[in-house]
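Following: one structure in structure tokens, then a few remarks.
Coordinate-derived values only; no laboratory data. These figures come from a predicted structure and were not determined experimentally. Cβ placement follows ideal geometry from the backbone for every residue including glycine, while neighbour counts extend to all protein chains displayed.
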Amino acid sequence: MTTRGTIFLEEAEILEHRAWPAEQYIVRVSAPEAALRSEPGSFAHIQCDPAVPLRRPLSIMRAERSSGWLEFLYKPVGAGLAKLARRTPGERLSVLAPIGRGFEPDPDRPRILAIGGGVGIPPIVFLAQELRARTEFELIVLMGSEVPFPFDLVTSAHEVGGSPASASHAIELLEQWGIPSRLASCAELAGCFGGFVTELADTWLRASSPQALARTQILACGPEPMLRAAAALAYAYDLPCQVAVEEYMACGVGGCAGCTLTVHGTNGAAMKRVCVDGPVFDARSIYTNPSAGDA
Ligand SMILES: Cc1cc2nc3c(=O)[nH]c(=O)nc-3n(C[C@H](O)[C@H](O)[C@H](O)COP(=O)(O)OP(=O)(O)OC[C@H]3O[C@@H](n4cnc5c(N)ncnc54)[C@H](O)[C@@H]3O)c2cc1C
Ligand code: FES
């Protein structure tokens, strides 16, 4: 799926900006060049406000190529994204995008378990958007959140093997796209599986036959403990697994080496830049022992 091409700098007009409960925001901007070339797992480096010098990296959640917009879901943790939250439709944001290597689903493993947690949900929504028309792939999406999901929810009409009847809800967008999905939360949210999203993933994997597992791969994005748990599932069930990781970023385009992490390959360990060599990596190359702190 990866097309490592040019990164565009666009003065993107804010088209819509919606606040959701628990300080979550979805912003849609006009950025036609980036929209044409974005892929699930790639991100944008955004100037939140003229008064904030450092850009902030946000995953692309949706790209509409025909109308030239990008959409992002974010949750402020500090000053930069808090200022972004105050920007209004009609204003412009400087957007550097698309950046990074996205998910590369293995066509030999057409059964995809996509797991998204918290602000790691956006690339999984984008993946669903891209794969909905790819009939060679069979996608199941599981999402976890400890605050109300920033989407309209509906009762799902699709089967997801192993999930209890209480896990009845899905985000409306994925239902409209015809993609089976379920939600998980430890915060007792209605219609959600009660527990971690990786526990829900485990129930689905346990309900899968050996033949089905031999056709399965995991793609995941979320907080580090969730990625480790996804990698541990991949080890336990002997599945390939790609993870989209986060790292503190300065330049965001490969120039400062401020975002490096250790990646293990056939030739030993090497330092890789998360912004341009990632953010998606083979889970085995960064979590050699997912239950230990080895990243
Ligand atoms: C590839 C990638 C994709 C991301 N996608 C999303 C997303 O879709 N939605 C979302 O809400 N968040 C996402 N994040 C995390 C988000 O970039 C940080 O939470 C954000 O930069 C914090 O900025 P702030 O102004 O709120 O906080 P501040 O604390 O003011 O940020 C201070 C500095 O630390 C950096 N920083 C702080 N936390 C992080 C972090 N977790 N990762 C990287 N840099 C950090 C900021 O870039 C900035 O330089 C992503 C991070 C990366 C690397
Ligand atoms: S942020 Fe500068 S190299 Fe990645």
>> Which of the three applies to the chain, rounded, prolate or oblate, going by the alpha-carbon gyration tensor with a ≥ b ≥ c and a/c under 1.5 meaning rounded?
In response: oblate
> Contour minus end-to-end for Ala214 and Arg111, with contour as 0.36 nm per residue of separation and end-to-end as the Cα-Cα distance?
Replying inline: 36.2 nm
> Please identify the GluC sites (Glu not before Pro) of region 94-141 that satisfy two criteria: DSSP loop assignment and at most 13 other Cβ atoms within 10 Å. Which are they?
Replying inline: Glu136
> Relative contact order for the chain: what is it in percent, counting Cα pairs under 8 Å that are at least 6 residues apart?
Replying inline: 16 percent
> Which value in deg cm²/dmol, rounded to the nearest 500, describes the helix-derived mean residue ellipticity at 222 nm for the chain, given -39,500 (n - 2.57) per DSSP H run of n ≥ 4 and division by the residue count?
Replying inline: -5500 deg cm²/dmol
>> Rounded to the nearest angstrom and ordered from largest down, what semi-axes does the equivalent ellipsoid of region 13-134 get from its C-alpha gyration tensor (root of 5λ)?
In response: 25, 16, 13
> How about region 199-295: which chymotrypsin sites (Phe, Trp or Tyr not before Pro) there are in a DSSP loop, with at most 16 other Cβ atoms within 10 Å of their Cβ?
Replying inline: Tyr248
>> Give me the percent relative contact order of region 199-250, please, defined on Cα pairs under 8 angstrom at least 6 residues apart.
In response: 38 percent
>> Spelling out what I want: for every residue of region 264-276, take phi, set θ = phi - 60°, compute 6.51 cos²θ - 1.76 cosθ + 1.60 (Karplus), and round to whole Hz; glycine and proline get x.
In response: 9, x, 5, 9, x, 8, 9, 8, 10, 8, 4, 5, 10
> Hey, what do the phi angles of region 100-114 turn into as Karplus ³J(HN,Hα) couplings, whole Hz, using 6.51/-1.76/1.60 and θ = phi - 60°, x for Gly and Pro?
Replying inline: x, 8, x, 5, 10, x, 7, x, 7, 10, x, 8, 10, 9, 9
> Using every alpha carbon pair in region 84-211, what percent of pairs falls into each 5 Å bin from 0 up to the bin containing the largest distance?
Replying inline: 2, 10, 19, 21, 19, 13, 8, 5, 2, 1, 0
> Taking all pairs of different Cα atoms in region 192-287, averaging 1/r and flipping that mean, what Kirkwood radius in angstroms comes out?
Replying inline: 14.5 Å
> Around Ser156, which amide H atoms from residues at least 5 apart in sequence, or from another chain, sit under 5 Å from its own amide H, with H modelled in the peptide plane?
Replying inline: His169, Ala170
> Whole-Hz Karplus ³J(HN,Hα) for region 173-182, in order, using 6.51 cos²θ - 1.76 cosθ + 1.60 and θ = phi - 60°, x for Gly and Pro?
Replying inline: 4, 5, 4, 4, 7, x, 9, x, 8, 9
> Normalised by the number of residues in region 111-244, what is the relative contact order in percent for Cα pairs under 8 Å and 6+ residues apart?
Replying inline: 28 percent
> What GluC sites (Glu not before Pro) in region 1-94 are in a loop by DSSP, with at most 13 other Cβ atoms within 10 Å of the Cβ?
Replying inline: Glu91
>> Under a Cβ-only charge scheme (Lys and Arg +1, Asp and Glu -1), can you give me the dipole magnitude of the chain about the Cα centre, in debye to the nearest 20?
In response: 380 debye
